[in-house]
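Enquirer: So that we are looking at the same thing, I have put the structure below in structure tokens.
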Amino acid sequence: MANDRTAIGVDIGEYNLYTACPATIPDDTGAYAVDGDDVCAELDELRAQAAALLGSDYGRETIVAYVRDRRDALLEEIDEAAQTICEYATQSADPVLVTEDSNHETDLWAWLTDPDAHRGTAWLIPAAHRRLRWVAAEYGLEVVTVPERYSSQECHACGVIGARVQSQTFHCTNPDCHVETIDADANAAAVLARRYYPGRQCAYRPTRPVAPADRPAVLADGGRREHDA
């Protein structure tokens, strides 16, 4: 039964590549985070280098091979980060990793060549989702998804929609809640963990019903597929 397992919410982003914690987190000191600065900096550097190569006399095959090598090195770093999350999770009894459902596809070339592409949604975040599932399988850990909607805005303790007073700080607007401020990524991870258990959903309700077509699609490939660079 779901209530008998320890849900470990895993928030995936750029500032922190992974942030993990159980639903019962008292504050952000109980969360485990893997910084995303290095991977983001390397992606930015790769984008600049790819632009220079594409404007040079190098042939397409040479450029593609270079990008593929750099991508593989980035994936190794993401795998190492995912391993630390799995190690953290295995310290709990009967753990299950809980992430948000995501419909983003990995498209590294979009990030490298499209000036309007977003670094996170174009490649990093969907790649981190997939690598986590792949690494978790090696640890024998189950990964499940829960609805993404409002997960970064809901207070993990009371379920009321709060505010991001700073980019990495969440403020609960409920005067009756014991939470005042908390690390935003830790709060989001705890919200995801809570959503694993039946009946623990956000107290906020949208003004209109959410149509099935508006809901993000669940990632279906189990994290084992990577697009060619």
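The values are calculated or read from the model by the stated rules, or taken from the named source; none is laboratory data. Bear in mind the structure is a predicted one, so any value in this text is a computation, not a measurement. Note that we place each Cβ from the backbone using ideal geometry, even for glycine, and neighbour counts take in every protein chain shown.
Enquirer: I'd like the full set of residues that are over 20 Å from the mean Cα position of the chain (by Cα) and either under 16 Å from THR29 (Cα atoms) or among the acidic types (Asp, Glu) (or both), limited to region 154-170.
Expert: ALA157
Enquirer: When you check ILE8 against the structure, is it among the hydrophobic types (A, V, I, L, M, F, W, C) and either under 11 Å from the mean Cα position of the chain (by Cα) or more than 15 Å from GLU100 (Cα to Cα) (or both), yes or no?
Expert: no
Enquirer: Right, next: Out of all the residues in region 111-146, which are hydroxyl-bearing (Ser, Thr, Tyr) and buried (at least 19 other Cβ atoms within 10 Å of the Cβ)?
Expert: Within region 111-146, THR145 is the sole residue that qualifies.
Enquirer: Right, ASP38: more than 21 Å from the chain's Cα centre (by Cα), at pLDDT 95 or above and surrounded by fewer than 16 Cβ atoms within 10 Å (Cβ to Cβ) or not?
Expert: No, not satisfied.
Enquirer: So, one more: Quick one: would you say GLN83 is closer than 14 Å to LEU17 by Cα and surrounded by 13 or more Cβ atoms within 10 Å (Cβ to Cβ)?
Expert: So GLN83 passes the test.
Enquirer: Here's another thing I want to ask about it. Inside region 160-170, can you point out the residues that are surrounded by 18 or more Cβ atoms within 10 Å (Cβ to Cβ) and small (Gly, Ala, Ser)?
Expert: GLY162
Enquirer: Let me ask something else about it. If we scan region 1-21, do we find a residue that is buried (at least 20 other Cβ atoms within 10 Å of the Cβ), within 26 Å of ALA184 (Cα to Cα) and in contact with a Ser or Thr (Cβ under 6 Å, 6 or more places away or on another chain)?
Expert: yes
Enquirer: Sort out which residues of region 101-147 are in contact with a strand residue (DSSP E or B) (Cβ under 8 Å, 6 or more places away or on another chain), at pLDDT 90 or above and hydroxyl-bearing (Ser, Thr, Tyr), and write them in order of number.
Expert: Matches in region 101-147: THR145 only.
Enquirer: How many residues does region 41-58 contain that are closer than 9 Å to LEU112 by Cα and more than 31 Å from the chain's Cα centre (by Cα)?
Expert: Counting residues in region 41-58 that are closer than 9 Å to LEU112 by Cα and more than 31 Å from the chain's Cα centre (by Cα) gives 0.
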